[in-house]
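For reference, the structure discussed in these notes is given below.
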Amino acid sequence: RPVVNASQLEYRVLQPSDAWARDFQMPGCVNYVAANPSAEKGENVVASLGFGVVSRPGYGEWVYIDDVEVREDWRRKGVATQLMKRLLAYIHKGWSDVVGAFLCVLERNASIKGLYEKIGFRHVKDVVLISEGIRVPAYGYLYYFNSSASSATVASLPKRPPPSWMRLPAVHHPLLDQLSNALFPSDGK
């Protein structure tokens, strides 16, 4: 029986057998994907995002979420929402020391802000990132694992935590440093 909706997809870390290429990925990020188990080999991944942990003195460990991508034929079917919710539940269940998640939305992609807000992310700051000398306006978002949105997300999803021995990938990049410095300032303001 072919998979027809987002709830029937598999949500997991990208496997070597999956065929999926990203245009850009932050160094150190791991891909979390939505895969169609009934699709042809090489066509199974329908969406992905990158994630990695960032440690900030005075703020703890946070998961950075990078570049949610959904294949065109799967857009507007709830896949991005399920992908995000399942990643957040996966992190929350497996690594209780992680405080929350953060991401940025580029100003040119402002139409996606509603998706993140519906999941429970809160816009906390407008930021300007500098990429190759060019100013890139963006919106900084935070998601706290101790929030009511997080409790509802985690309670509604499967109860399979990741293996306890697994470590979260650490991610580093100059643009990410700019974003995390803006959202988690060393002076606490």
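Laboratory data are not the source of any read-out in this text; all were calculated from the coordinates shown. What you see is a predicted model; the values in this text were computed from it and never measured. Because the Cβ atoms are built from the backbone with ideal geometry, glycine has one as well, and the counts that use them run over all protein chains shown.
Residues whose amide H falls under 5 Å from that of ALA170, counting only those 5 or more places apart or on a different chain, are VAL53, with hydrogens built in the peptide plane.
Sorting 141-147, 95-101, 10-16 by average packing, meaning the other beta carbons within 10 Å per residue, from highest down gives 141-147, 95-101, 10-16. Remark on VAL45: its backbone amide H falls under 5 Å from those of ALA19, ASN36, a criterion applied only to residues 5 or more positions apart or on other chains, H modelled at 1.01 Å from N. Label reach from LYS113 (point 7 Å along Cα→C-beta): in region 68-95, amide nitrogens under 18 Å belong to 68.
If you sort the three axes of the alpha carbon gyration tensor as a ≥ b ≥ c, you get a/c of 1.5 or more for region 53-128 and a/b no higher than b/c, which makes it oblate.
Shape verdict for region 51-183, please, from the Cα gyration tensor: rounded (a/c under 1.5), prolate (a/b greater than b/c) or oblate. Since a/c reaches 1.5 but b/c is at least a/b, the shape of region 51-183 is classed as oblate. Backbone phi angles across region 57-68, fed through the Karplus curve with coefficients 6.51, -1.76 and 1.60 (θ = phi - 60°), yield HN-Hα couplings of x, x, 10, x, 9, 10, 9, 8, 10, 10, 6, 6 Hz in residue order; Gly and Pro are listed as x. Taking a straight line from the alpha carbon of LYS77, these aspartates and glutamates sit under 19 Å away, with near neighbours fewer than eight places off in the same chain left out: GLU10, GLU43, ASP67, GLU69, GLU117. For region 51-183, the relative contact order works out to 29 percent when only alpha carbon pairs closer than 8 Å and six or more residues apart are counted. Karplus-based coupling profile of region 120-131, in residue order and whole Hz: x, 6, 10, 5, 10, 6, 7, 10, 10, 8, 10, 10, with θ = phi - 60° in 6.51 cos²θ - 1.76 cosθ + 1.60 and x standing for Gly or Pro.
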